[in-house]
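Peer 1: Okay, here's the structure, questions in a sec.
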Amino acid sequence: MPVRATEFTALEVKRAMRPGLHAVGGVPGLCLQIAPSGAKSWILRVLVNGRRREIGVGGYPDVMLAEARERARSIRTQIRDGVDPVADRRARRAAQRAKVNAVTFEQAAREWHQSKQSEYRNPKHAAQVLSTIETYAVPVIGTIPVVQIGLKEVLAVLQPIWTDKTETASRLRGRIESVLAWATVSGHRSGDNPARWKGNLDAVLAQPGKIARVKHHAALPIEQLPAFFARLRQQSGMAARALEFLVLTAARSGEVRGAKWMELDSDAGVWTVPAERMKAGREHRVPLSSQARHLLELLPEFEGSDFVFSAPRGGMLSDMSISAVMRRMDAGAVPHGFRSTFRDWAAEHTEYAGEIAEMALAHTISNKVEAAYRRGDLLAKRRQMMNDWAEYCLSLNR
C-alpha cells in the first residue's frame with residue numbers, strides 16, 4: 001500500500017515556507033510547490049499513458065487548498081476517462097488562437113467602426129467612413145485575416161487609386177491604419193502597422209500634396225458679391241431666403257438648413273448652433289446683423305415644424321435646394337464658397353484681425369497653446385464685423 005500523505009490544513013499551507021514540493025494529501029499526487037522567492041503554486045504529479053506528468057493546477061492564494069483538491073480530482077477523472085489534460089489544454093489554446101487570428105479585415109473594420117460611433121459628427125459622416133472602406137478596401141482584402149495583412153496587401157488597395165483619387169486614397173490609408181491598430185490592440189494581430197505612413201508607405205508612395213492640388217469650393221469674387229446679393233433678394237422661395245441668411249452669417253449650409261427657432265435669441269440677436277451640428281463639435285454663437293434679424297422677422301413659422309427654413313412638406317431643406325438657387329442664378333460658385341468670399345473681404349477690405357474672421361467661420365485654432373488660453377468667443381467684435389459685412393452685401397441697395 002502506498003503511503004498516504006498527511007493532509008495539510010489551510011493554515012499549514014499558509015505557514016509553509018520551505019522551498020520545494022510538499023505533498024498536501026487529500027488527492028494523490030497533489031503538491032504545494034514553493035519557489036525560492038516564496039511564491040506558491042499547486043502541482044499535480046500523475047501518470048498519463050504511462051508517462052509521468054506534472055500538471056499546474058493554479059497559483060496560491062488565488063486558488064486555495066479546497067479548490068486545488070477539487071481541480072486535482074477533476075483532472076484525475078479526465079485521465080481515467082482516457083483524456084490527456086495537457087494535450088487537451090494545448091488543443092483548446094491553439095483553437096482559441098486560431099479563432100482570434102481568423103478575424104478578417106472586413107470583420108475588424110466593422111467592429112472598429114462600431115467602436116468609434118460616438119466620435120463621428122453625425123450619421124452621414126459615420127456612413128461615409130465605412131463606405132470608403134467597403135468600396136475600396138473590402139473587395140481587395142476584406143476576406144484576408146488581419147494577421148496576414150502586410151505591406152503588399154495595403155499597397156494592393158491604395159496603388160490603383162493613389163494618383164487618380166489621391167484625397168480619397170489618403171483618407172482610406174488612415175482608416176486602414178486605424179482598423180489594423182484596433183486589431184493589434186484587440187489581440188488579432190501583432191507587429192508593425194503596414195498602413196503607417198511615416199517611415200513606411202512614404203517610401204513607396206508619392207506625397208499626396210505633390211500629385212493632387214486641393215480643390216477649393218468655387219467662390220464668388222468679392223467685387224461681384226453686392227450685385228449677386230441684390231439679385232438674390234429678388235428670388236422667391238424658402239431656399240433663396242436660406243441662401244441669403246447663409247451669406248449674411250457666413251455659416252455652412254448644413255448649419256443654416258438645420259437652424260431651429262429655439263436656437264434664436266431675438267432679444268440678444270444671437271443664433272446659437274449646438275455642438276452636434278458643428279463641424280468642430282463645439283457650440284457656436286453667431287451674432288446676427290440687423291439685416292439678418294429683419295430677414296428672420298419676415299419668415300413664416302409653420303405649424304409642426306421647428307425649422308427656420310422649412311421644406312415645403314415640413315422638415316429640413318435639402319442641400320440641393322440651396323445649390324439649385326445658385327444654378328438658376330448662374331453664379332459660377334457654390335454656397336460653401338461664400339465663406340471664402342467673406343474671408344477675402346475681411347482680409348482685403350477691413351482692418352479686422354484674422355482671428356476674429358476665423359472665429360466667425362468657426363474654424364478650429366490650429367495652435368494648441370493659443371487654443372488652450374482662448375476663453376471667449378469675441379462676440380462683440382464679431383457682431384460689428386457681421387454688421388459691416390451685411391452693409392457690404394447690401395451696398396447696391398443703398
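FYI, it's all coordinate maths here, none of it is from the lab. Since we're looking at a predicted model, the values are computed, not measured. Methodologically, a virtual Cβ is constructed for each residue, glycine included, from the backbone with ideal geometry; neighbour enumeration extends over all protein chains shown.
Peer 1: Calculate the length of the line joining the C-alpha centroid of the range 244-260 to that of the range 173-196, in whole Å.
Peer 2: About 39 Å separates the Cα centre of the range 244-260 from the one of the range 173-196.
Peer 1: Moving on to the next point. Hey, what do the phi angles of the range 55-71 turn into as Karplus ³J(HN,Hα) couplings, whole Hz, using 6.51/-1.76/1.60 and θ = phi - 60°, x for Gly and Pro?
Peer 2: Values, residue by residue: 10, x, 10, x, x, 9, x, 4, 10, 7, 4, 4, 5, 4, 5, 5, 5 Hz.
Peer 1: Moving to a separate point now. Per residue, how much space in cubic angstrom lies within the convex hull of the C-alpha atoms of the range 253-296?
Peer 2: Numbers: hull volume 3.2 nm³, N = 44.
Taking the convex hull of the Cα positions in the range 253-296, it is 73 Å³ per residue.
Peer 1: Highest GNM mean-square fluctuation, the chain, Cα pairs closer than 10 Å: which of Met316, Met64, Met359?
Peer 2: Of the options given, Met64 has the highest mean-square fluctuation.
Peer 1: Report the semi-axes of the equivalent ellipsoid for the range 300-351 in whole Å, largest first, where each axis is √(5λ) for an eigenvalue λ of the Cα gyration tensor.
Peer 2: Details: eigenvalues 173, 49, 11 Å².
In descending order, the three semi-axes are 29, 16, 8 Å.
Peer 1: Stretched out fully, how many nm does the piece from Asp164 to Lys279 gain, at 0.36 nm a residue minus the Cα gap?
Peer 2: Contour length minus the Cα-Cα distance gives 38.7 nm.
Peer 1: Equivalent-ellipsoid semi-axes (√(5λ), Cα gyration tensor) for the range 152-279, whole Å, largest first?
Peer 2: Values for the range 152-279, descending: 44, 22, 11 Å.
Peer 1: Continuing with the same structure: For the chain, what does the relative contact order come out to in percent, with C-alpha contacts under 8 Å and a separation of six or more?
Peer 2: 11 percent
Peer 1: Report the normalised scattering of the range 3-43 as log10 I(q)/I(0) at q = 0.22, 0.26, 0.32 Å⁻¹, calculated by the Debye formula with identical scatterers on the alpha carbons.
Peer 2: Cα-only, vacuum Debye calculation for the range 3-43: -0.65, -0.88, -1.19.
Peer 1: Using the number of other C-beta atoms within 10 angstrom as an exposure proxy, rank His363, His125 with the fewest first.
Peer 2: Numbers: His363 14, His125 11.
With the fewest neighbours first, His363, His125 line up as His125, His363.
Peer 1: Under the rule a/c < 1.5 gives rounded, and otherwise a/b versus b/c splits prolate from oblate, where does the range 105-211 land using the Cα gyration tensor?
Peer 2: Because a/c hits 1.5 or more and a/b fails to exceed b/c, the range 105-211 counts as oblate.
Peer 1: Could you give me the ³J(HN,Hα) list for the range 278-292, computed from phi with Karplus coefficients 6.51, -1.76, 1.60 and θ = phi - 60°, whole Hz, x at Gly and Pro?
Peer 2: 9, 4, 7, x, 10, 4, 10, 9, 10, x, 9, 5, 4, 5, 5
Peer 1: Report the calculated FRET efficiency for Leu151 and Arg231 (r = Cβ-Cβ distance, R0 = 45 Å), to the nearest 0.05.
Peer 2: 0.20
Peer 1: If you consider only alpha-carbon coordinates, what radius of gyration and Dmax does the chain have, in Å?
Peer 2: That works out to 34.5, 117 Å for Rg and Dmax.
Peer 1: May I ask you to derive the FRET efficiency for Val270 and Arg110 from their Cβ-Cβ distance with R0 = 56 Å, giving the value to the nearest 0.05? Provide the component values of the computation, followed by the final result.
Peer 2: Values: r = 42 Å, r/R0 = 0.75.
Given R0 = 56 Å and the Cβ-Cβ separation, E is 0.85.
Peer 1: In addition: Between Glu303 and Thr77, with labels modelled 7 Å along Cα→Cβ, what's the label distance in nm to one decimal, could you check?
Peer 2: 7.4 nm
Peer 1: Sticking with this one: When the helix-only estimate is applied to the chain (DSSP H runs of n ≥ 4, each -39,500 (n - 2.57), divided by the residue count), what is the mean residue ellipticity at 222 nm, nearest 500 deg cm²/dmol? Write out the running numbers ahead of the final one.
Peer 2: Working: 18 runs with 185 residues, N = 398.
Helix contribution divided over all residues of the chain: -14000 deg cm²/dmol.
Peer 1: About the Cα centre of the chain, how large is the charge dipole given +1 on each Lys and Arg Cβ and -1 on each Asp and Glu Cβ? Please answer in debye to the nearest 20. Walk me through the intermediate numbers first.
Peer 2: On the way: 58 positive and 42 negative charges, 470 e Å.
My answer is approximately 2260 debye.
Peer 1: I would also like to ask the following. Which whole-number percentage describes the relative contact order of the range 222-397, with Cα contacts under 8 Å and a sequence gap of 6 or more? Can you show the working numbers first?
Peer 2: Values: 204 pairs, mean separation 53.1, N = 176.
Relative contact order here is 30 percent.
Peer 1: Right, here's the next one. Calculate the FRET efficiency for Ile356 and Ser186 from the Cβ-Cβ distance with a Förster distance of 41 Å, rounded to the nearest 0.05. Don't skip to the end; give the middle numbers.
Peer 2: On the way: r = 46 Å, r/R0 = 1.11.
According to the calculation, E is roughly 0.35.
Peer 1: Around Ile222, under 12 Å between beta carbons, what's the net of Lys plus Arg minus Asp minus Glu among the other residues? Walk me through the numbers before you get to the answer.
Peer 2: Numbers: positive: Arg343; negative: Glu223, Asp344, Glu348.
In short, -2.
Peer 1: Using the Cα atoms of the range 222-397, I'd like the radius of gyration and the largest Cα-Cα distance, Dmax, both in angstrom.
Peer 2: Computed over the Cα atoms of the range 222-397, radius of gyration and Dmax are 15.8, 47 Å.
Peer 1: Of Lys210/Lys381; Lys116/Lys165; Lys165/Lys198; Lys165/Lys381; Lys198/Lys279, which ones are farther than 32 Å apart at the Cα? Numbers along the way, then the final one.
Peer 2: Details: Lys210/Lys381 39 Å; Lys116/Lys165 25 Å; Lys165/Lys198 20 Å; Lys165/Lys381 41 Å; Lys198/Lys279 27 Å.
Pairs exceeding 32 Å: Lys210/Lys381; Lys165/Lys381.
Peer 1: Give the share of C-alpha pairs in each 10 angstrom bin for the range 10-95, from 0 to the last occupied bin, in whole percents, shortest bins first.
Peer 2: 18, 48, 28, 7
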